[in-house]
Ligand code: GLC
């Protein structure tokens, strides 16, 4: 029997993308759909996606078909939800609209409580969608706090809706600290009270993400290592004891990468395309960067890059301070990103301090990002925590060797270089301190100075398989497992 899966998220490529969730929500359902299409007998999955019809999506003018509307209950009233279907999708993608969604200009507000009504409404509407379509909902796949609400709401709705009573839920955890705390009023307005369940600490009993984690049948963190880390006080954000109680439901699956978008052999943005078989061509990209940024044009000087949202999670400050400890070594660095003023200013300060070798581009520039991956020698990713991370994978595929903190998905995807290089693809450091980072830079530069070894490290990274296929299979296995449980329970 076909397993019907509804994938719900706040953002998704190509419609609207703010962060890594957008990449995943665009690529994962597509990968699952393709597998299901190729193997309908062994992988009978009907996956569909629901997104809020954000103003930003409407503005881009995607072709849609209006399917109709249905009511969503709020206190004494009901609010109509309009259903649109994306006309060009290979599988069904629905945009859900309604007053609480249309009222908000941004995908996410800086003040969480302002997002409350939009995502509560959307989550409830996503549950109503199945009934509207007359489509049996076997598995609800929710992402982050915005749609974790749907998992909690499902439990409440199931009390008076027989079809939903058997629906199973998967919560995909992309970033634990963002819990959606502050939207209690909106939850109450839509009939969602605090839980009475004492497994959750008091403060978390009316917060969307913890509620989703409490009631999900399966919790999937975006890397196996992050799934372990969140059980500890350092990464558990106060939920570590509670998460211990959910250990049997918790697993980790690494995200993939859209390898058609990120392919050094066919990348239209870079000066010179190259592959692991023509690595020497890559140097032209480095020279182009040195010339564009008015840096000394010398192949022997390692060019470091950092491409990131400049916020505390990413640990940029650790790298910027750490580089000062390495000032006796020859290196150049180009930083690209925007974010919190504190971190942006640190980057500018380093440029002022080392005008002959540091460039800080405080901007979002996709084309330049491609060129940096393709031309820089070393990629810096000193994250304080990193549930999965995409940039380190892109860097490796582009022969830009990562130096990263040994945390989350970074530790799962980067194979540390040991003395003989072996299969190593990058350099890891453990403590989130500038001195530890600086030691890793020094180590990496020692290898950089041995071109033959360095070439092996680059090629090892370029040969890694980061495509979505493997991960999509793991999600399908979970859908099948959940659907079996559902049928057994019936
Ligand atoms: C969040 C995490 C990042 C992860 C992404 C997609 O943005 O910070 O590590 O790659 O979600 O899952």
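The table below gives the values:
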quantity	calculated
Residues of the stretch 385-404 that turn out to be more than 11 Å from the ligand (Cβ to nearest atom) and touching a strand residue (DSSP E or B) at 6+ places or on another chain (Cβ under 6 Å), as a count	6
Residues located in the stretch 32-66, provided they are over 14 Å from residue 93 (Cβ atoms) and surrounded by 22 or more Cβ atoms within 10 Å (Cβ to Cβ)	36, 45
Test set (1) within 16 Å of the ligand (Cβ to nearest atom); (2) farther than 27 Å from residue 252 by Cβ - residue 171 fails condition number	(2)
Criterion violated by residue 176 - all others in (1) within 16 Å of the ligand (Cβ to nearest atom); (2) out of contact with any strand residue (DSSP E or B) (no Cβ under 7 Å at 6 or more places or on another chain); (3) within 21 Å of residue 138 (Cα to Cα) satisfied	(3)
Flag if residue 486 is surrounded by 14 or more Cβ atoms within 10 Å (Cβ to Cβ) and at pLDDT below 95	yes
Selection status of residue 266, buried (at least 17 other Cβ atoms within 10 Å of the Cβ), more than 16 Å from the ligand (Cβ to nearest atom) and more than 18 Å from the chain's Cα centre (by Cα)	no
Among the candidates 261, 279, residue that is closer than 18 Å to residue 393 by Cα and modelled with pLDDT under 95	261
Residue check for residue 72: touching a strand residue (DSSP E or B) at 6+ places or on another chain (Cβ under 6 Å), crowded, with 17+ Cβ neighbours inside 10 Å and closer than 17 Å to residue 153 by Cα	yes
Residue 201 being closer than 19 Å to residue 236 by Cα, surrounded by fewer than 17 Cβ atoms within 10 Å (Cβ to Cβ) and within 16 Å of the ligand (Cβ to nearest atom)	no
Subset of the stretch 358-384 (residues that are in contact with a strand residue (DSSP E or B) (Cβ under 9 Å, 6 or more places away or on another chain) and closer than 16 Å to residue 257 by Cα)	369, 373
Subset of the stretch 269-311 [part of a helix (DSSP H, G or I), touching a strand residue (DSSP E or B) at 6+ places or on another chain (Cβ under 9 Å) and farther than 20 Å from residue 447 by Cβ]	289, 290
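The values are calculated or read from the model by the stated rules, or taken from the named source; none is laboratory data. What you are looking at is a predicted structure, and each value in this text was computed from that prediction instead of being measured. Here the Cβ is made from the backbone with ideal geometry for all residues, glycine too, and neighbour counts use every protein chain on show.
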